[in-house]
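Undergrad: Can you read through this structure? Questions will come right after.
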Amino acid sequence: KVHLYFSVFVADLLVYIPAVILYCFSLKETSTKKKASICALCILLYPGLILIDHGHFQYPLSLGFALWGVLYLSYDWDLLGSVAFCLALNYKQMELYHSLPFFCYLLGKCFKKGLKGKGLVLLTKIAGTVVVSFAVCWLPFCTDMEQIMQVLRRLFPIDRGLFEACMFSSPPPRLANIWCSLSVLIKIKNIVSPQTQLKLSFAVTFLSLLPTCIKLTVQPSLRGLKFALVSCALSFFLFSFQVHEKSILLVSVPVCLIINEIPFMATWFLLVSTFSMLPLLLKDGLLLAYTVTTLAFLSVCVASFSIFEKTSAEDLQLKPLSLSLKGYVSWFKSFPKIVRSLFLLSVTLMGVLSLMSAAVHPPQRLPDLFPVSVSVISCLHFLLFLVYFNVVILWDAKNSRSQKKIS
């Protein structure tokens with residue numbers, strides 16, 4: 001495995017880490033080098049990616065190229081951003097989680113410029129760039145149609161069913177998405193045909209991400225793109241067909257991009273995302289590394305961002321919602337205290353369950369008690385986070401329209 005570890009190190013050093021550092025130093029919110037360095041440190045200390053890269057060697061290049069895509073778009077270098085994301089997508093097909101936000105942002109930008117003028121020119125350039133990028137990546141496979149079909153079958157092994165069998169050593173599933181969590185109570189695979197499973201997961205995923213995509217197309221902005229990357233990727237993780245537990249990294253890295261904007265919720269999400277992979281991490285013998293990296297990450301975020309002081313509705317980007325509900329919901333006055341209490345309860349629960357998973361033998365009748373508990377608890381967290389991110393996106397859009405009308 002030496003050459004694999006070396007390849008991950010090189011990918012981190014040449015692609016992922018430079019993208020994170022340049023992104024943090026490009027932010028308007030990080031006005032000083034110290035703030036930018038702190039932001040970069042918190043992102044690079046995210047334990048989920050560190051721990052998965054220790055043994056699975058899959059994500060630094062694809063996520064790094066996706067970050068480069070966001071970075072290029074932040075400078076209005078749309079063609080370079082398109083190339084970077086095409087490289088990410090062709091390196092790992094799971095980057096489809098991020099494809100709709102990139103597409104909607106660029107399409108919305110073309111609409112904004114006008115499709116009878118500059119917008120049409122930009123759209124043509126982007127389309128040409130994407131076609132050429134894909135052609136170059138697929139050129140080695142284009143000698144034979146059967147070879148192309150074989151690659152596609154390997155990329156999208158639909159025949160494996162709603163749950164990828166290789167993920168689990170024994171039933172029930174150990175994945176923190178909605179289908180696996182529901183399967184604890186309802187054996188979906190036994191009552192719904194594979195084709196129906198595929199259609200159902202597609203429909204639910206599409207409907208869950210549709211509002212965010214419409215908003216981003218109508219009101220394209222870099223901030224909207226970052227939040228849409230989080231929301232859409234989380235929708236894919238929770239509802240799409242054949243998800244792997246490691247796919248939560250595709251949600252977590254976009255969350256890292258907004259850690260400076262909502263440090264409290266971002267830190268909370270990143271802790272939960274690492275916890276959701278606990279069964280896999282224990283299987284890989286990474287209990288000590290999991291404990292150390294998680295505590296280090298939490299300590300740095302608390303010290304750097306003072307997250308417990310940033311729990312007001314305004315800090316959590318929920319002020320437009322609170323203004324809309326003023327007079328109807330009385331508990332918004334004690335909202336910061338409620339959020340902090342929920343966070344502490346959540347962290348305590350994750351800590352206790354982590355300890356029990358590592359040190360306590362489950363009952364013989366329930367051998368999967370702890371892995372299933374981790375999955376279900378993580379799934380409930382992710383559903384609440386999905387609601388939260390969509391509220392932030394949609395209420396922000398409503399607030400922006402109101403401001404435009406006033407102006």
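The values are calculated or read from the model by the stated rules, or taken from the named source; none is laboratory data. It should be emphasised that the depicted structure is a prediction, and the values quoted were computed from it without experimental measurement. Using ideal geometry, Cβ is built from the backbone for each residue, glycine included, and neighbour counts are taken over all protein chains shown. Heads up: the accessible areas ignore ligands, DNA and RNA and are worked out on the full protein's heavy atoms, side chains in. Shrake-Rupley method; radii C 1.70, N 1.55, O 1.52, S 1.80 Å.
Undergrad: Of the heavy-atom accessible surface of the chain (probe 1.4 angstrom), what whole percent is carbon and sulfur?
TA: Working: 13940 of 20230 Å².
Reported share for carbon and sulfur atoms: 69 percent.
Undergrad: Ranked highest first by the average count of other Cβ atoms within 10 Å around their residues, in what order do 192-202, 371-381, 234-244 fall?
TA: Ranked by mean Cβ neighbours within 10 Å, highest first: 234-244, 371-381, 192-202.
Undergrad: Just the number please: accessible area per residue for the chain, 1.4 Å probe, all protein chains included, in Å².
TA: Each residue of the chain exposes 50 Å² on average to a 1.4 Å probe.
Undergrad: Shifting gears a bit: Answer rounded, prolate or oblate for the range 206-310, using the Cα gyration tensor with square roots of eigenvalues a ≥ b ≥ c: rounded when a/c is under 1.5, else prolate when a/b is larger than b/c, else oblate. Don't skip to the answer; put the middle values down first.
TA: Details: a/c = 3.36, a/b = 1.30, b/c = 2.57.
Because a/c hits 1.5 or more and a/b fails to exceed b/c, the range 206-310 counts as oblate.
Undergrad: Over the range 1-398, what is the relative contact order in whole percent, taking alpha-carbon pairs under 8 Å and six or more residues apart?
TA: Relative CO of the range 1-398 lands at 19 percent.
Undergrad: Now for a different question. Mind checking which aspartates and glutamates have their C-alpha under 14 Å from Lys113, skipping anything on the same chain fewer than 8 residues away?
TA: By straight Cα distance, Lys113 reaches Asp76, Asp78.
Undergrad: How much length is gained on full extension from Lys283 to Leu200, taking 0.36 nm per residue of separation minus their Cα-Cα distance?
TA: In short, 26.7 nm is gained.
Undergrad: With a ≥ b ≥ c taken as the square roots of the eigenvalues of the C-alpha gyration tensor of the chain, please select rounded if a/c is under 1.5 and otherwise prolate if a/b is larger than b/c or oblate if it is not?
TA: Because its axes are fairly even, with a/c under 1.5, the chain counts as rounded.
Undergrad: Related question: Take the alpha carbon gyration tensor of the range 2-138, find the square roots of its eigenvalues, order them as a ≥ b ≥ c, and report rounded if a/c is under 1.5; if not, report prolate when a/b exceeds b/c, else oblate.
TA: oblate
Undergrad: Sort 266-276, 126-136, 222-232 for me by packing, meaning the mean count of neighbouring Cβ atoms within 10 Å per residue, highest on top.
TA: Going by the mean number of other Cβ atoms within 10 Å, highest first, we get 266-276, 222-232, 126-136.
Undergrad: Excluding Leu49 itself, what net charge comes from residues whose Cβ is under 12 Å from its Cβ, given Lys and Arg +1 and Asp and Glu -1?
TA: On the way: positive: Lys246; negative: Asp12, Asp53.
Within the 12 Å Cβ shell, the charges total -1.
Undergrad: Which order do peptides 93-99, 281-287 fall in by mean Cβ count within 10 Å, highest first?
TA: The peptides rank, most packed first, as 93-99, 281-287.
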